[in-house]
Amino acid sequence: MFRELHILDTVIAAAIFVVAIILSLGTIYVSRKLKHRSAKHTLAKTFSKTIDRLARAIISLFLIDGLLLSVMSLTTIGSALHSTLARACSVIAVLVLTYIILRNIGTLFTWRLAHMQERTHKHINTGAALFFKRIIQILICAISLIWILTLLGIAIGPLLASLGIGGLAVALALQPTLENFFAGMQIVSDNVVHVGDFVEINDQLRGYVVDVGWRSTKIRTPANNIIVAPNSSLASSQLVNYNQPNHAVNVNVRCGVSYENNLDQIKQIALNVASEIEKRMDEAVKNFEPRVAFDEFGESNVMLFVVLQAKDRLAAINLRSELVMRLHQRFREENIKINYPLRLTHHK
């Protein structure tokens, strides 16, 4: 396979590899310059990682393909080896290009989302963006695989035909996984939940959505535990999203007052308390009009409810607590009577 090496072939091969080394050193120099210029940008850390990944991939491409090209330049190698090395160069180039795209597509999505949120001042569905990013990554891997098989001279048509029956068996075996995958697409496309939303599933499970993946959705409970719910069960469940249509949450405090009290007076007192809390607390929605109404004749009290609106669910906790405390204080100051249930026991 190898004949006698000539001095000129050796010099050309060495020159090609030296050029590859020079290009690698130039890549290092350019990457450092770009990192220095991007240090003033708000996304400097993200750009720095992207530049490092690009530089490493390009340097690897220059060195490996440079070595292979230097060997290919030798006239003494056989045609079979020359053809094999040429295919290896092409495959390595495709692999490096695929690596660059896959590693940096996440950075591109992150930068684009941050830019859109800064420009529009609107909430962007990050869960949907991440989900579609994964789909794009799968498509890129599939295209890269087909490209590599073509470079290696493997016919795609007969290979796909031979995999038809096996693919059907695999699809049947992966039916639950595929069901969860398409359910996840449905959840994302229907804009059901976003990452960070507080949801309730079937009146049992409550928590914050952490991630919507291919197979499952991760939910962090108030106890700071992670629950992994399959997308198929989530899509078929009764789901309450407390962050839609917006983050504001109504705070409804219900209590009872004695039949002996003046209901008009009580209503005015409750409205005054609610209005004072709304003006004083940052957690309250300022343009919401407090409401007080009587809704039921109880066994020992007339039942009423007071409604305020909080900016979000966490704010609702503080707002509810403050409303209960202030109502209790004012009712005591105004001598508002509240009947407490009594239980009489007879001793034999």
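Inside the range 328-342, can you point out the residues that are surrounded by 12 or more Cβ atoms within 10 Å (Cβ to Cβ) and over 13 Å from Gln265 (Cα atoms)?
Correct list: His328, Ile338, Asn339.
Being in contact (Cβ under 8 Å) with a residue 24 or more places away in the chain and of a type in the set (Lys, Arg) is the filter here; which residues of the range 293-336 pass it?
Lys311, Arg313, Arg320, Arg326, Arg330
From the residues in the range 211-226 that are surrounded by fewer than 17 Cβ atoms within 10 Å (Cβ to Cβ) and modelled with pLDDT of 85 or more, which one is farthest from Ile135 (Cα to Cα)?
If we take residues in the range 211-226 being surrounded by fewer than 17 Cβ atoms within 10 Å (Cβ to Cβ) and modelled with pLDDT of 85 or more, then Asn224 is farthest from Ile135 (Cα to Cα).
Residues checked against (1) within 19 Å of the chain's Cα centre (by Cα); (2) free of Cβ contacts under 8 Å to residues at least 24 places away in the same chain; (3) in a strand (DSSP E or B); (4) outside the structural domain of Gln204 (by TED's automatic domain parsing):
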site: Thr217; (1), (2), (3), (4): yes, no, yes, no
site: Ser237; (1), (2), (3), (4): no, no, no, no
site: Ile266; (1), (2), (3), (4): no, no, no, yes
site: Ser275; (1), (2), (3), (4): no, yes, no, yes
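Residues being part of a strand (DSSP E or B) and either closer than 19 Å to Asn318 by Cβ or free of Cβ contacts under 8 Å to residues at least 24 places away in the same chain (or both): count how many of those fall in the range 280-292. If you could, list the steps in order and put the result at the bottom.
Within the range 280-292, the subset part of a strand (DSSP E or B) is 284, 291-292.
Add one more test, that the residue is either closer than 19 Å to Asn318 by Cβ or free of Cβ contacts under 8 Å to residues at least 24 places away in the same chain (or both), and what stays is 284, 291.
Total meeting the criteria: 2.
Answer yes or no as to whether Asn250 is assigned to a strand (DSSP E or B) and either at negative phi or out of contact with any Leu (no Cβ under 7 Å at 6 or more places or on another chain) (or both).
On the way: assigned to a strand (DSSP E or B): yes; either at negative phi or out of contact with any Leu (no Cβ under 7 Å at 6 or more places or on another chain) (or both): yes.
Spelling it out, Asn250 is indeed assigned to a strand (DSSP E or B) and either at negative phi or out of contact with any Leu (no Cβ under 7 Å at 6 or more places or on another chain) (or both).
Inspect all residues belonging to the range 253-261 and state whether any of them is among the aliphatic types (A, V, I, L, M), surrounded by 18 or more Cβ atoms within 10 Å (Cβ to Cβ) and over 27 Å from Val292 (Cα atoms).
No: the range 253-261 contains no residue that is among the aliphatic types (A, V, I, L, M), surrounded by 18 or more Cβ atoms within 10 Å (Cβ to Cβ) and over 27 Å from Val292 (Cα atoms).
The values are calculated or read from the model by the stated rules, or taken from the named source; none is laboratory data. Bear in mind that the values here come from a model prediction, so they are computed numbers and not experimental data. We place every Cβ from the backbone using ideal geometry, glycine too, and count neighbours over all the protein chains shown.
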